[in-house]
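The structure appears right after this line, and notes come after that.
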Amino acid sequence: MKNNQRITSLTLSAVSLLMLGACSEQTPIDLPAESMPSTEEAIAKSAPEAAAPKENQDTDKVKPLVFHLTDLDGNTIKASDFRGKWLVINYWATWCAPCRDEMPELVKFQQENADTVQVVGIAFEDATVDKLKNFAKDFNINYPLLTIDVYNPPEFAQEGGLGLPTTIVYDVEGKRHKKHMGPIDAEGLAEMLN
């Protein structure tokens, strides 16, 4: 019982710190995929007896991204639609000031790299489609905006919701490449593709 309470307390503290840090003016964090421990790994390190090992954990890191999400027009968008291009997934919300600040940079990056890169925004908030469409119009968004159930997000998106904005880059085969927490500009996005 004490171990479970300790794990819960540690996990909540870590999530709170990540959220506060990502939506602030502090220096953003740019980490390669392999340096980010999963929630299961973090819990296992703090209390090994409380967490069972996840099956296929090593093979999950090399599997291409898979999702079927809906865009603002109700169309189904699949991760496989973007194979052959770098995929930049940006998790954001309309209420997040740093997210709003980086939007023009994402638009610029998409415009300048449309042949080799696809930016996709995932709205990590409970908002109506009309609100999101108005936001997209106000910011001249030139890339797909997708919606998820933020109360029960798909497994791949849970990491992106830990702090907004968060950007995760996938290579041309759909495999996770790098993650950046905090606002980013076009130059920073270009560096993430290396």
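Nothing in this text is a laboratory measurement; each read-out follows from the coordinates by a stated rule. Worth saying up front: this structure is predicted, and the values here are computed from it rather than measured. Backbone-built Cβ (ideal geometry, glycine too); neighbour counts: all protein chains shown.
Structure notes:
- Neighbour-count ranking [beta-carbon atoms within 10 angstrom, fewest first] of ILE77, ILE122, ILE141: ILE77, ILE141, ILE122
- Packing-based exposure ordering (other Cβ within 10 Å, fewest first) of TRP92, TRP86: TRP86, TRP92
- Spin-label pair HIS68-LYS175: with each label point 7 Å from Cα along the Cα-Cβ axis, the two points sit 2.6 nm from one another.
- Counting 0.36 nm for each residue step from ASN75 to ASP149 and taking away their Cα separation leaves a gain of 25.1 nm.
- Separation of the alpha carbons by more than 28 angstrom is noted, of LYS131/LYS178; LYS78/LYS137; LYS85/LYS133; LYS85/LYS179, for LYS131/LYS178.
- For the range 174-180, 3J(HN,Hα) per residue [Karplus equation, 6.51 cos²θ - 1.76 cosθ + 1.60, θ = phi - 60°, Hz, x = Gly/Pro]: x, 8, 4, 10, 8, 10, 9
- Cβ-derived FRET efficiency at R0 41 Å, THR128 paired with ASN194, nearest 0.05: 0.60
- Among LYS178, LYS133, LYS85, sorting on how many other beta-carbon atoms sit within 10 Å of each Cβ, with the fewest leading, yields LYS133, LYS85, LYS178.
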